[in-house]
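Read the structure below first, then the notes.
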Amino acid sequence: MDKRAFLKGLGLAGLGLPLTGHTMEKMITALEDITNKDVMTDESFWEKIRKDYLLTPDYINLENGYYNIMPQPTLEKFIAHVKQVNLEGAYYMRTVQYENKKAMAAKLADLTGCTVDDLIMTRNTTESLDMIIGGYPWQPGDEAVMAEQDYGAMLEMFKQVSKRNGVVNKIISVPNIPTSDEEIVNLYASAITHKTKLLMVCHMINITGQILPVKKICDMAHSKGVEVLVDGAHAIAHFQYSIPELGCDYYGASLHKWLSVPLGVGILYVKKDKISKIWPLLAEGDRKEDDISRLNHTGTHPVHTEITVADAIDYYHKLGPERKESRLRYLQQYWTGKVREIPNVVVNTPADPARACGIANVGIAHMKPALLAETLLKKYKIYTVAIDYANVHGCRITPNVYTSTAELDVLVRALKELA
Ligand SMILES: Cc1ncc(COP(=O)(O)O)c(C=O)c1O
């Protein structure tokens, strides 16, 4: 059987993917003409989207920041991919595996403004960023800049290169409610010396949802000869932007967060002229030094997970990136707007719409975040996560596209009562 016939037999023609029937088209088509602004507050639209999700009745899930569960249409496609790959086994792996992986990377490159020459699929943000931190050509005494609000796994990796390579880590603290972009840019600038080689910055701080002025930070760092690594774990398919336009050198993100891909897919962007300087996590043979596939050796891994990327992107596009972003921002502002001024309620996320989107963090004065999370779950059946470090004391509240304002009203009532 030739490859084309094989693909056809599997229903994998075109992109090389199987097809399953679902109702996604029907759900969105009727609403395509409505403007994003109208849709943002149109509960009946979002009620239809909610029907796409199988949700547990046990609690209101306001912890979508860990990962975004898949809507049923994507989940059905994923299950179909698992079955297809299992049907053909090694034949799939030896014929179209790599072709499909490239097709997925091309779709992701399209989504993020990159090209297949500067973007690869990884397992997650941790792998992407730690590959850069660990594979950077450090010299003893080199310095790196980061923030205490950065994600733990990356801070740990910097500690490791400090021990292993003699790198000196300079750690700043980002204010929860900054007064201007310049305040943040200056904070990062103040930690740079002539020995600084790399600066890591979150696109969105995961514990507060604050969006940082990444482009301005990149411009400042580059003017001082410092490269920038961006942690975009929470940014992709949450709000809209193009990675190259940020001007960073390296960018990592997870797709199981806001793109709702099955668990275990991420991306790594490396500016073309920086590829050759990074040591891969797992060695790959016989590649040009500036070929990004040098950094993409994985060994055998769950290929059905990565081919679901195309389905998740289709769902995202049909939902509408702008519609999604405006809804998520609206939901966050809906509840924070109702509690921000209440005595004893402390919102740890900026009110400025440009500085946040769907995620926010809230604390109650004199109440430990762990107790707040426990009370929200036990008394109000709201699931969140407690954050109690790096000057952030509260629960992270992360709605998703299926979250209703009625559910957020339960949160608002809870916070009022507890305050
Ligand atoms: C800011 C940030 N960076 C990195 C990560 C790690 O993501 P993953 O576990 O998908 O590698 C997370 C996960 O929540 C995160 O919030």
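The values are calculated or read from the model by the stated rules, or taken from the named source; none is laboratory data. Here the structure is a predicted model, which is why all the values come from computation and not from measurement. Reconstructed Cβ throughout: ideal geometry from the backbone, glycine too, with neighbour counts over all protein chains shown. Areas reflect the complete protein model, heavy atoms only, side chains present, ligands, DNA and RNA absent. Shrake-Rupley method; radii C 1.70, N 1.55, O 1.52, S 1.80 Å.
Rolling a 1.4 Å probe across the protein heavy atoms gives segment 328-395 an accessible surface of 44 Å² per residue. Summary of the geometry: segment 353-385 and segment 66-131, compared by the centres of their Cα atoms, lie 33 Å apart. Can you send over the solvent-accessible area of Tyr53, 1.4 Å probe, protein chains only, in Å² to the nearest 10? Result for Tyr53: roughly 20 Å² accessible.
For the peptides 160-167, 266-273, the ranking by mean Cβ contacts within 10 Å, running from highest to lowest, is 266-273, 160-167.
Taking the square roots of 5 times each eigenvalue of the Cα gyration tensor of segment 92-171, largest first, gives ellipsoid semi-axes of 32, 14, 12 Å. When each of the peptides 312-320, 133-141 is scored by how many other beta carbons lie within 10 Å of its residues on average, the order from highest to lowest is 312-320, 133-141.
Computed with every protein chain present, the accessible area of Arg287 is close to 100 Å² [probe 1.4 Å]. Checking the cross-link pairs Lys338/Lys416; Lys318/Lys338; Lys102/Lys272 against a 20 Å limit on the alpha carbon distance flags Lys318/Lys338 as lying beyond it. Just to be sure I understand: of the beta bridges DSSP finds with both ends in the chain, what percent are antiparallel, rounded to 5? Of the beta bridges lying entirely in the chain, close to 50 percent run antiparallel. Where the accessible area of the chain is counted over protein heavy atoms with a 1.4 Å probe, how much of it, in %, is carbon and sulfur? C and S fraction of accessible area: 54 percent. Surface analysis of segment 34-175 yields an accessible area of 47 Å² per residue, using protein heavy atoms and a 1.4 Å probe.
Shown here are the Rg and Dmax of the Cα trace of segment 144-263, at 14.0, 43 Å.
Give the average over all directions of the projected area of the C-alpha convex hull of the chain, one decimal, in nm². Average projection, Cα convex hull of the chain: 21.2 nm². Within a straight-line Cα-Cα reach of under 12 Å, Lys368 can be paired with the following aspartates and glutamates, leaving aside sequence neighbours fewer than 8 residues apart in one chain: Asp388.
Residue pairs exceeding 27 angstrom between C-alpha atoms, taken from Lys195/Lys277; Lys163/Lys274; Lys324/Lys378: Lys324/Lys378. Sorting Met200, Met157 by accessible area puts them as Met157, Met200; the probe is 1.4 Å, largest comes first, and only protein heavy atoms count. Ignoring the sites themselves, the chain has its longest run without GluC sites (Glu not before Pro) in a DSSP loop having at most 14 other Cβ atoms within 10 Å at 149-283. Amide H to amide H distances under 5 Å link Lys170 with Ala144, Val145, Met146, where only residues 5 or more positions off or on other chains count and H is placed in the peptide plane. Around the amide H of Val385, modelled in the peptide plane, lie the amide H atoms of Arg396, all under 5 Å away and 5 or more residues distant in sequence or on another chain. Straight-line cross-link reach from Lys216 at under 16 Å between alpha-carbon atoms covers these aspartates and glutamates, not counting any fewer than eight positions away in the same chain: Asp181, Glu182, Glu183, Glu227, Asp231, Glu245, Asp249. Here the scattering of segment 267-419 is modelled by Debye summation over its C-alpha atoms, one equal scatterer each and no solvent; at q = 0.13, 0.14, 0.17 Å⁻¹ the log10 of I(q)/I(0) is -0.78, -0.83, -0.95.
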